[in-house]
Amino acid sequence: MTRYLRLLGIQLRASALLAAQYRWDFVVDGVISLFWAFTAIVPLFVVYGARRTGIPGWSFGEALVVTGWFILLQGILDGAINPGLAQVVDHIRKGTLDFVLLKPADAQFLVSTSKFALWRIFSVVSAFVIFGLAFRELGRLPAAVGVLESLALLVAATVLLYSLWILIVSAAFFVVKVDNLTYLFSSIFDAARWPSSVFRGALRTVFTFVIPLAVMTTFPAEALLGRLERSTLLGAMVGALVFASLARLVWIKSIGHYSSAGG
């Protein structure tokens, strides 16, 4: 474990040095990230309007908490998960994944931490600003228990996002071109900005169990608001472990289908 933590530190330091070389790009990308966060909350103002009664069961402030979680997870996805895993597809196409597989460390760990987009930290900051605005609108602060539960669900949501991305990337070992899958997932994930109660019937089932968007944003928001049931929290944690185990199994099986540059 100590060895992999040291490797993670090296990878983070390399990404930080790269960002320092292109400081203006870092600043410009950060400003764009802030602008994107602002556009993410605009639909709420449209839906709620002057009376702010848009989504049944959710006040404007409560829905704003969901949007904050969406922006936070989008920052984690684009800053820590997608940059490294997106390069795997190119490695597979060019047959250069050999250089990763030959290293004396777990290949999944190496590709997952090979690159970080540190400018996405602005999205994290934006999310916490939105949380502050949301609870100011609600006129109260979150309870300590709710904060702890939401942090646990943040870990579960990150694991789910990472696992889903591993499953998508693993498809490249079989079909090589998975760009359409990544675009499709990004489009689907955009629905996570809304509370899960807006979905009905089959869509609600899909976005809870198949592509668990509710676990990623709605459940953490409910925990922070102090209205999430403990059984739901436990189910979300177990579900994240199941997805992680499935993703690991699929990754290992997929590597067996890799054709190297020399083969």
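Key figures
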quantity: Positive-end extreme of charge dipole, the range 2-255 - chosen from L234, F209, L118 (charges on Cβ); calculated: L234
quantity: Normalised convex hull volume, the chain, alpha-carbon set, Å³ per residue; calculated: 145 Å³
quantity: Charge dipole of the range 2-255 about the Cα centre (unit charges at C-beta), most positive-ward option of I130, I252, Q11; calculated: I252
quantity: Nearest-20 debye value, the range 121-263 charge dipole, Cβ charges on Lys, Arg, Asp, Glu; calculated: 120 debye
quantity: Whole-Hz ³J(HN,Hα) from phi, Karplus 6.51 cos²θ - 1.76 cosθ + 1.60, for the range 89-105, glycine and proline x; calculated: 4, 5, 4, 5, 5, 8, x, 9, 5, 3, 5, 7, 5, 7, 6, x, 7
quantity: Net charge of Cβ neighbours under 12 Å - reference V66; Lys, Arg +1; Asp, Glu -1; calculated: -1
quantity: Assigned charges on the beta-carbon of Lys, Arg, Asp, Glu; the range 2-255 dipole about Cα centre (debye); calculated: 180 debye
quantity: Most mobile listed residue (G30, G84, G235) in the chain, GNM with C-alpha springs under 10 Å; calculated: G235
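Read-outs throughout are calculated quantities, based only on the coordinates presented, and are distinct from any laboratory measurement. It should be emphasised that the depicted structure is a prediction, and the values quoted were computed from it without experimental measurement. All Cβ positions, even for glycine, are placed from backbone atoms using ideal geometry, and neighbour counts span all protein chains on display.
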